[in-house]
Amino acid sequence: YVDIFYHHRPDNETPLEETLAALDLIVRQGKALYVGVSSYSGARYAQAVEMCRQHDWAPITIHQPYYNMLGRGIETDLLPHTTVHGTGIIAFCPLAGGTLTDRYLQGLPPDSRQGKRGEDGQHWWRQEQEKGHWDCLGQLNAIAQERGQTLAQMALAWTLRLPGVTSALIG
């Protein structure tokens, strides 16, 4: 068995009831202890929780959304729902694909994922530079240094600051 089995992406072609029934079956068969979802909007998550309650299915105990200092959409959409229902959050991409580290502040490293994309990676880096992205991250890096932290350490601490965020996935 596994501890947690996730439904990782909302699927508009499969009825939500069918998905949740399958998750419940996995728990009832002893193949998983708990079930979770990932990347559900607040409304879809609330609908799923209510459907599980109505059918007496295994409850959704964890939600795994994209969340970091640069991607904060869950704060107004999802977190109000998970707080009400007592569901924990395990944030993925807390370092925003590595941009919330000091790795990209001096240019595009050739050995990075984007650097290995050649001209496409260079184009991405320049676009982000034109938007002021790297300047903003440079300022965040300065704040982190004043705190005696790396940018990555500060970004992780920031992601974990909310009581409903129980963990963060790094990698």
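The values are calculated or read from the model by the stated rules, or taken from the named source; none is laboratory data. From a predicted model like this one, the values you see are computed outputs, not experimental measurements. Methodologically, a virtual Cβ is constructed for each residue, glycine included, from the backbone with ideal geometry; neighbour enumeration extends over all protein chains shown. Just so you know, the surface numbers come from the protein's heavy atoms only, side chains and all, with ligands and any DNA or RNA stripped out. Shrake-Rupley method; radii C 1.70, N 1.55, O 1.52, S 1.80 Å.
The number of residues in the range 27-51 being open to solvent by 90 Å² or more (accessible area, probe 1.4 Å), assigned to a helix (DSSP H, G or I) and charged (D, E, K, R) comes to 1. Taking residues in the range 129-156 that are among the polar types (S, T, N, Q), and partners anywhere that are outside any helix (DSSP H, G or I) and modelled with pLDDT under 95, the pairs with Cβ atoms closer than 7 Å and at least 6 places apart or on different chains are Asn141/Asp102; Asn141/Leu105; Thr150/Asp102. Cβ separations smaller than 7 Å between residues 6+ apart or across chains give the following pairs from the range 7-34 residues that are under 17 Å from Gln54 (Cα atoms) to residues that are modelled with pLDDT of 95 or more and aromatic (Phe, Trp, Tyr): Leu20/Trp57; Ala21/Trp57; Leu23/Phe5; Asp24/Trp57.
What are the residues in the range 52-97 that are within 14 Å of the chain's Cα centre (by Cα), among the hydrophobic types (A, V, I, L, M, F, W, C) and part of a strand (DSSP E or B), if any? Ile62, Ile89, Ile90, Ala91, Phe92 - these are the residues of the range 52-97 that are within 14 Å of the chain's Cα centre (by Cα), among the hydrophobic types (A, V, I, L, M, F, W, C) and part of a strand (DSSP E or B). Could you check Ala46 against (1) under 27 Å from Gly171 (Cβ atoms); (2) without any contact (Cβ under 8 Å) to a residue 40 or more places away in the chain; (3) touching a His at 6+ places or on another chain (Cβ under 7 Å) and say which number it fails? If we test Ala46 against (1) under 27 Å from Gly171 (Cβ atoms); (2) without any contact (Cβ under 8 Å) to a residue 40 or more places away in the chain; (3) touching a His at 6+ places or on another chain (Cβ under 7 Å), just (1) comes out false.
Screening the candidates Glu75, Glu130 for the property of being of a type in the set (Asp, Glu), out of contact with any strand residue (DSSP E or B) (no Cβ under 6 Å at 6 or more places or on another chain), closer than 30 Å to Ala58 by Cα and loosely packed, with under 13 Cβ neighbours inside 10 Å yields one hit, Glu75. If you check Asp24, Asp11 for being at negative phi and either at pLDDT 95 or above or part of a helix (DSSP H, G or I) (or both), only one passes: Asp24.
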